[in-house]
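Every number here is computed from the coordinates shown, using simple stated rules; none is lab data. Just so it is clear, the model here is predicted, and its values are computed rather than measured. Positions of Cβ are generated from backbone atoms using ideal geometry, with glycine treated the same way; all protein chains shown enter the neighbour counts.
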Amino acid sequence: MPDSESEPKNKVSDLVALSRVSAATSNLQDLEAILRIGLNSVLDIMDGSIGGIMLLDEETKMLSYRVYHGLSATYAEEMHVKLGEGIAGKVAQSGRSTLLEDISLEPSAVRLDLISTEGLKAFLSVPLQAKGKVLGVMNVASRISHRFSKWDMHLLNSIGDQLGVAIEQAKLYEQLRRGRERYRELARRTLLAQEEERRRIARELHDETSQALSGLALNLEVLIEMAEIAGIQDTEFKARLKKTHSLAIQISTEVSRLIADLRPSALDTLGLVPAIRQCAETNLTSLGIDVSFALNQVQVGKSLPAEVEVGLFRWAQGAIANIMQHSQARNATISLKREGDELVLCINDDGKGFDVSQLSGIEESGRGAGLFSMKERVQLLGGTCSIQSQPGQGTTATARIPMTWSTADAKDKSIGGR
């Protein structure tokens, strides 16, 4: 083979070839797409029609074709190579490329029967590696002997390095995606378990503690009346009795508020809209904050799934709590509407506001935990949460939830009730 064949035929073509493969795979995160586009780009650059990419299974240490072109399905499905065996196996083990003038005459090749049936002759195999780790091999073949040059091997080897990095990034992205999915599923299950526990505690407080306190207050009221009827003159005794009665009523009221915070009955009996309205009126109106509502009875074909209702209510509850604790607002507006295929819940106040850029995480003091929790709840529903605020210009919190739940078995109920 002439020496000129081992040198780049055209230095510009070298850069163009590498740039084409890099551009084709740099913005991809799907492994299958990277492999197919990478292989097609290589075959196009080398004016070839036969090739494939074999990936290495970390557990079995076997190479198998993931994508291929110009090869029969039988060849691709049956050609499995152990690490260190055959041409591809040795390339994967050593990390060094191999150029063969005629693979059908190579005694170390595996499955010569398949190679002969396929009619393969010239054969190039290069490793796909990243950070010194071989992830697989890329093979380019021809049915003509002496088809490839050393320059072709060098070019393919450079391209293989690029593909190796792209494959590694795609695998890392896939691991990250799966990790996020596991986290979200775990968080979702945790929140559902918390809601169920809240429901249980609220039910027990209502059925036992609240009833007992009501009975206590009623008995104390009877005792006060009996003392008046009996003409008891001990003013200190009667004063303590009345004070105890007032304390029992106060505790009963606090328990009722606690029950409402744990699991508002309106959410279970009437639906999301009345529950949000009740929460806002109970907590904001008592502080002198004027609340206006634009909670439309949006038709969604059926009631919201329980998970979505609870998630949106807790988000609203968090936003309302932030207004109570931090805003110093005089007015607040709560709206719920449908925009396309999204439900949009927006809570706005005219309070002192804050610099959103200064609150990028949860501080040691706990500041920022409420906003973080609100965003997490919405993200678990597949939605987005945005907080807009500036010092002196109030705050607007918006939750957008995609309406992806099934509309089968629609009951034509609004999200405002059952």
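Observations
- Cα shape, the range 3-178, gyration tensor, a/c 1.5 rule: oblate
- With 10 Å bins beginning at zero, the pair-distance distribution over Cα atoms of the chain amounts to 4, 16, 17, 12, 11, 13, 11, 7, 3, 2, 1, 1, 0 %.
- Prolate/oblate/rounded label for the range 96-189 (Cα gyration tensor, a/c 1.5): prolate
- Distant-in-sequence amide H partners of Gly136 (H built 1.01 Å from N, under 5 Å): Leu56, Leu128
- Phi to ³J(HN,Hα) by Karplus 6.51 cos²θ - 1.76 cosθ + 1.60 over the range 62-74, Hz, x for Gly, Pro: 10, 9, 9, 5, 9, 9, 7, 8, x, 10, 6, 4, 4
- Each label point was placed 7 Å from the Cα along the Cα-to-Cβ direction; for Lys171 and Leu270 their separation is 5.7 nm.
- Contact order relative to length of the range 3-178, as percent, for alpha carbon pairs under 8 angstrom and 6 or more apart: 24 percent
- ³J(HN,Hα), Karplus 6.51/-1.76/1.60, whole Hz, each residue of the range 219-230, x for Gly, Pro: 5, 5, 5, 5, 4, 5, 5, 5, 5, 5, 5, 6
- Cut-off under 5 Å, modelled amide H: who pairs with Glu85 long-range: Lys90
- Nearest 10 degrees, 0 to 90: helix 235-262 Cα axis against the chain principal axis: 20 degrees
- Highest mean first, the peptides 70-79, 327-336, 161-170 sorted by other C-beta atoms within 10 Å per residue fall in the order 161-170, 327-336, 70-79.
- Taking packing as the residue-averaged number of other Cβ atoms within 10 angstrom, the listed peptides 47-53, 194-200 run from highest to lowest as 47-53, 194-200.
- For peptides 388-398, 267-277, 219-229, 247-257, sequence by mean Cβ density within 10 Å, most packed first: 267-277, 388-398, 247-257, 219-229
- Relative contact order [Cα under 8 Å, 6+ residues apart], the chain, whole percent: 11 percent
- Positive-end extreme of charge dipole, the chain - chosen from His146, Pro402, Ser22 (charges on Cβ): Pro402
- Equivalent ellipsoid semi-axes - Cα gyration tensor, the range 70-135, angstrom: 21, 13, 11
- Taken one residue at a time, the phi angles of the range 213-218 give Karplus couplings (6.51, -1.76, 1.60, θ = phi - 60°) of 5, 4, x, 4, 4, 5 Hz. Gly and Pro are set to x.
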